[in-house]
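Report on the following structure.
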Amino acid sequence: MTRFTLFERTDTRLGTFALRTLDPAADAGLLHRWVTHPKASFWMMREADEAEVAAEYRRIHEHPHHDAFIGLHEDRPAFLAERYDPAHVELVGLYPSRPGDVGMHFLCAPTDIPVHGFTLAVITTVMEFCFADPAVRRIVVEPDVRNTAVHALNAAVGFEIVEQITKPEKDAYLSICTRERFEAARTTLAADAARTARAAQGVTR
């Protein structure tokens, strides 16, 4: 399977982020290391072996309403992203889906050297990728209610918690971000980043 880049953006502080196609066979080892790491507990694949991981991503690859991608930072694999149609996958019957809704998941690769702002840059990249399709009006997510870190991150990029829902594998906060809320959040984040940069340089205005 030929792997190629689908989307790319440049973060002013952290450099280039991109999404490429995922090869379930060739990427199985990489994915297995990521999804079975202790920090990936909310991905719920901690006990999977490499063959099971390959099978799961082959299922996603072949699914008509679900996609998965390898995320790159400066051309190196750094995160996993999934995109799905919530009218057919994950949230069927759990909320009133609308035309233009798309669901997403993301997982940052484990690292011993965390980079401040990296996860925010990753979720921003995934959301920009989703909204690059003009038909997409809202992004829908369903994080585990216990995942406080991702709730704060979601809020930072414009998600609003709609309600708590019960899925077979977890209790989750159904959260939705419109295109307009994402754009407003990006403007706020850019202004905050500019203020931080000026402060670091000793500029007060």
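The values are calculated or read from the model by the stated rules, or taken from the named source; none is laboratory data. Note that this is a predicted model, so its numbers are computed, not measured. Neighbour counts run over all protein chains shown; Cβ positions are idealised from the backbone, glycine included. The area values use the complete protein model at the heavy-atom level, side chains included, leaving out ligands, DNA and RNA. Shrake-Rupley method; radii C 1.70, N 1.55, O 1.52, S 1.80 Å.
Checking segment 171-193 against the condition returns no match, with no residue being out of contact with any helix residue (DSSP H, G or I) (no Cβ under 8 Å at 6 or more places or on another chain) and on the phi > 0 side of the Ramachandran plot.
Can Phe106 be described as within 27 Å of His73 (Cβ to Cβ), within 14 Å of the chain's Cα centre (by Cα), surrounded by 19 or more Cβ atoms within 10 Å (Cβ to Cβ) and without any contact (Cβ under 8 Å) to a residue 24 or more places away in the chain? In short, no.
Considering (1) at pLDDT 95 or above; (2) surrounded by 15 or more Cβ atoms within 10 Å (Cβ to Cβ); (3) over 28 Å from Arg33 (Cα atoms), the lone condition that Val150 does not fulfil carries the number (3). Of all residues assigned to segment 37-44, none qualifies as being assigned to a strand (DSSP E or B) and without any contact (Cβ under 8 Å) to a residue 12 or more places away in the chain. Taking Glu56 and the conditions (1) touching a residue at least 12 places away in the same chain (Cβ under 8 Å); (2) out of contact with any Asp or Glu (no Cβ under 6 Å at 6 or more places or on another chain); (3) farther than 30 Å from Ala191 by Cα; (4) open to solvent by less than 80 Å² (accessible area, probe 1.4 Å), which numbered condition does it fall short on, given that it satisfies the others? With respect to (1) touching a residue at least 12 places away in the same chain (Cβ under 8 Å); (2) out of contact with any Asp or Glu (no Cβ under 6 Å at 6 or more places or on another chain); (3) farther than 30 Å from Ala191 by Cα; (4) open to solvent by less than 80 Å² (accessible area, probe 1.4 Å), Glu56 is out only on (1).
Only one of the numbered conditions (1) in contact (Cβ under 8 Å) with a residue 60 or more places away in the chain; (2) assigned to a strand (DSSP E or B) is not met by Cys177, and that is (1).
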